[in-house]
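K.L.:
Below you will find the structure I want to go over with you.
No lab work stands behind these numbers, since they all come straight from the coordinates. All values reported here derive from a predicted model rather than from experimental measurement. Here the Cβ positions follow ideal geometry from the backbone for every residue, glycine too, while neighbour counts run over all protein chains shown.
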Amino acid sequence: MSRPADTIVVLRALGLGDFLTGIPALRGLRRAHSDARMVLATPERYRELAMLCSTVDEIDPTPGLGQLRQRSEPPTLAVNLHGSGPESIADLLALKPRNILSHKHSSFPDLQGPPWRADLHEVDRWCRLLDWAGIPCDPTDLVIPRPSGYPDRSGVVVIHPGAAFPARRWPPDRFAQVAAALHDAGHEVVITGDSNEVELARCVAQLAALPETSVLAGTLDLLGLVALISDCRLLICGDTGVGHIATATGAPSVLLFGPTPPNRWGPRGTGPHIAMWAGDKGDPHGDRPHSGLLLITVSRVLEATQSLLKDCA
């Protein structure tokens, strides 16, 4: 009777940017355990994207902490790519894995692992965790393929004005001024967003005097958004998960950072990216645009876009 394959459960039940910055660690883990069945505990909305990246065998839909599904058999290994703990560690220990890989935490003194370092870039943080366990990772291994079956929108400029929290949202009237200038210069501009950002996208389009057809917010699934950004001539957005799609697809991008420095969450890889930051730090979950984000002017953003559009012509 053949021995059942090892099962590895990886917890990363976070947002889009978190998923994309975790790809190098997932790929390193995959290479080190090529015969194991890898299960990624992550929100259901990332299922198709995870399969596109060819890193895991199964998705365990997990909206967040405290919602990890119990399995019929304990996994061989549980990997904490979610956070420093203690909640994420407790979730994985509840699966009764044979082994666990996580950063160490004072609440679990018997658990071995490297110390948590707040100063690391998010990509490097998880690669360092696996490296501690003797699993090499390539922090530049971020590229994802363009999904097939979606229309070619090559040459468009994509503006994504939304972000998870107001602290990271540049004002819509400023996005509109950028959109209007690019439209007047002859570029096709489209405005994206999820189903909760349709009104924001329409507001930007109306202020910029763009046609209604320019609003794509609420019309694209996640892979459709990936295909659009993969095709686009330029992406302009704030510190949000969509910016990491540009990194993953090599699309040129101008990214606007406020309370969080780019050396923590900024673009990686070889693509042409400009990360704009005034140098201030603050709460990325704040309920109003961060003061540092507001120091980024329309003229500075237009200079950055013109530079990239010229270089990528």
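K.L.:
Quick one: net charge of residue 65's neighbours, Cβ under 9 Å, K/R +1, D/E -1?
P.N.:
On the way: positive: none; negative: 87, 91.
Within the 9 Å Cβ shell, the charges total -2.
K.L.:
So what are the radius of gyration and Dmax for the Cα set of the chain, in Å?
P.N.:
In order Rg, Dmax, the Cα atoms of the chain give 20.3, 70 Å.
K.L.:
Let me ask something else. What does the net charge come to around residue 114 if you take all other residues with beta carbon closer than 13 Å to its beta carbon, with K and R at +1 and D and E at -1?
P.N.:
The answer is +2.
K.L.:
For residue 166, what charge total do you get from the other residues with a beta carbon under 11 Å from its beta carbon, if Lys and Arg give +1 and Asp and Glu give -1?
P.N.:
Working: positive: 168, 169, 288; negative: 283, 287.
Its environment carries a net charge of +1.
K.L.:
Can you give the angle from 0 to 90° between the axis of helix 172-184 and the longest principal axis of the chain, with both taken from C-alpha atoms, to the nearest 10?
P.N.:
Helix 172-184 sits at roughly 60 degrees to that axis.
K.L.:
Turning to a different aspect of this structure: So between residue 213 and residue 140, what do we pick up on full extension, going 0.36 nm a residue minus the alpha carbon distance? Let's see the in-between values first.
P.N.:
On the way: separation 73, 0.36 × 73 = 26.28 nm, distance 3.61 nm.
Stretched fully, the residue 213-residue 140 segment lengthens by 22.7 nm.
K.L.:
Oh, and also: Mind giving me the nanometre distance, one decimal, between the label points for residue 72 and residue 58, set 7 Å out from Cα along Cα→Cβ?
P.N.:
0.9
K.L.:
Let me check I have the definition right: for the range 158-246, take the eigenvalues of the Cα gyration tensor, multiply each by 5, take square roots. What are those semi-axes in whole Å, largest first?
P.N.:
On the way: eigenvalues 60, 46, 31 Å².
That gives 17, 15, 12 Å for the three semi-axes.
K.L.:
State the cysteines of the chain left without a partner when partners are defined as other cysteines whose beta carbon lies under 4.7 Å away.
P.N.:
53, 203, 232, 237, 312
K.L.:
Put a dot 7 Å past each Cα toward the Cβ at residue 154 and residue 32; how far apart are the dots in nm?
P.N.:
Using points 7 Å along Cα→Cβ, the separation is 4.0 nm.
K.L.:
Subtract the Cα-Cα distance of residue 51 and residue 287 from 0.36 nm times their separation in residues, and report this length gain in nm to one decimal.
P.N.:
Numbers: separation 236, 0.36 × 236 = 84.96 nm, distance 3.45 nm.
Between residue 51 and residue 287, full extension yields 81.5 nm more.
K.L.:
For labels at residue 44 and residue 90 in the simple 7 Å Cα→Cβ model, what's the distance in nm?
P.N.:
It works out to 2.6 nm between the two label points.
K.L.:
Straight distance only, please: which aspartates and glutamates reach the Cα of residue 104 with their own Cα at less than 14 Å, same-chain residues fewer than 8 apart left out?
P.N.:
87
K.L.:
Plugging the Kirkwood radius over Cα pairs into Stokes-Einstein for the range 157-311, at a temperature of 10 °C and a viscosity of 1.306 mPa s, what D comes out in µm²/s? Don't jump to the answer; show the numbers that get you there.
P.N.:
Values: Rh = 15.1 Å.
Rounded, D is 105 µm²/s.
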